[in-house]
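Below you'll find the structure, written out as structure tokens, and then a few comments.
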Amino acid sequence: MKTSNFSALSNSDEPYYLSSANEVKLFEAAWKTKLPVMLKGPTGCGKTRFVRHMAWKLKKPLITIACHEDLFASDLIGRYLLKHDQTVWMDGPLTQAVRMGAICYLDEVVEARKDTIVVIHPLTDDRRILSIDKKGEVLCANPDFMLVISYNPGYQSVLKDLKQSSRQRFVSLQFDYPEPDKERQIICAESSIDISMAQKLVTLAGKIRNIREQGLTEGASTRLVIYAAELIKAGVSAKDACRAAVCRPLTDDERLLETLDDLIDDLFGDS
């Protein structure tokens with residue numbers, strides 16, 4: 001059986017994050033009032049970076065779980081394992097977070113099995129409990145525990161959607177790609193690239209996002225633009241960097257790739 005991929009983050013270094021609206025204030029209020037939070041927005045727009053920043057700001061440990069279709073309830077809660085000829089209980093990442101008062105972040109929760117998502121429901125209302133059936137234990141959440149999930153509405157379908165019974169348990173914060181001025185600041189801060197090149201990259205991203213109706217599932221994410229900037233900073237030509245880091249990850253369609261290549265040629269000329 002596969003186990004969930006998860007990581008824990010300490011609070012030693014501040015993750016860079018540039019706020020776009022009142023999301024910081026809302027998140028802080030949700031934590032104080034012990035409300036679960038759902039982050040909605042396209043891939044690569046800064047949802048995960050925001051959670052990391054808020055964990056640092058609140059001085060709370062962060063446990064991140066990358067959700068996938070083989071994520072079972074036992075991957076979150078825990079299981080009995082054989083160790084030195086003895087059977088011992090091993091807490092899963094969700095149980096660890098509940099016990100220690102961490103922020104538990106379920107990244108792309110819609111990818112998880114629906115019967116797995118149900119186990120978090122008692123943690124999202126006034127009960128704030130986690131049932132560990134295999135141990136016959138009902139665990140009350142540490143007062144500092146907070147549950148956060150991310151959700152990409154752009155991928156919703158009959159099979160890949162979050163049920164209303166789950167969605168209506170969360171305070172929802174809406175994310176999108178940053179405004180051009182802020183996106184330029186983010187790119188400069190993350191890659192140390194010069195502002196004129198950052199502006200060209202922002203312009204390219206904006207143009208790509210405007211042609212989604214031609215067949216792209218999503219537009220160019222801020223994350224991909226930062227990747228391109230880092231390649232350019234490392235000495236790769238702007239055209240090659242944009243093709244490798246921005247265009248090729250978005251599509252395999254030859255017609256669309258030709259359109260994207262034309263955009264790059266128009267913006268970067270001989271660079």
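Test Asn142 against the criterion of being more than 26 Å from Ser19 (Cα to Cα), among the polar types (S, T, N, Q) and surrounded by 13 or more Cβ atoms within 10 Å (Cβ to Cβ), and give yes or no.
Taking the combined requirement at face value, the residue satisfies it.
What residue, among those in region 34-81 that are of a type in the set (Phe, Trp, Tyr) and over 10 Å from the mean Cα position of the chain (by Cα), is nearest to Leu162 (Cα to Cα)?
Per the stated criteria, the residue is Phe72.
Test Thr95 against the stated conditions and say whether it is modelled with pLDDT under 95 and either of a type in the set (Asp, Glu) or surrounded by 15 or more Cβ atoms within 10 Å (Cβ to Cβ) (or both). Spelling it out, it is not the case that Thr95 is modelled with pLDDT under 95 and either of a type in the set (Asp, Glu) or surrounded by 15 or more Cβ atoms within 10 Å (Cβ to Cβ) (or both).
Only helices (runs of 4 or more DSSP H) wholly contained in region 105-205 count here; list those with 2 or more residues that are over 16 Å from Pro36 (Cα atoms) and not assigned by TED's automatic domain parsing to the domain that holds Thr64.
Ranges flagged: 180-191.
Only one of the numbered conditions (1) at pLDDT 90 or above; (2) surrounded by fewer than 19 Cβ atoms within 10 Å (Cβ to Cβ) is not met by Glu14, and that is (1). Within region 218-271, the residues that satisfy the criterion of being among the β-branched types (Val, Ile, Thr), within 22 Å of the chain's Cα centre (by Cα) and part of a helix (DSSP H, G or I) are Thr222, Val225, Ile226, Val246. Just one of the listed residues (Arg49, Arg99, Arg79) is assigned to a strand (DSSP E or B) and either in the same structural domain as Ser19 (by TED's automatic domain parsing) or touching a Pro at 6+ places or on another chain (Cβ under 8 Å) (or both), namely Arg79.
The values are calculated or read from the model by the stated rules, or taken from the named source; none is laboratory data. The shown structure was predicted, so the numbers you read here are calculated from the model rather than taken from an experiment. Reconstructed Cβ throughout: ideal geometry from the backbone, glycine too, with neighbour counts over all protein chains shown.
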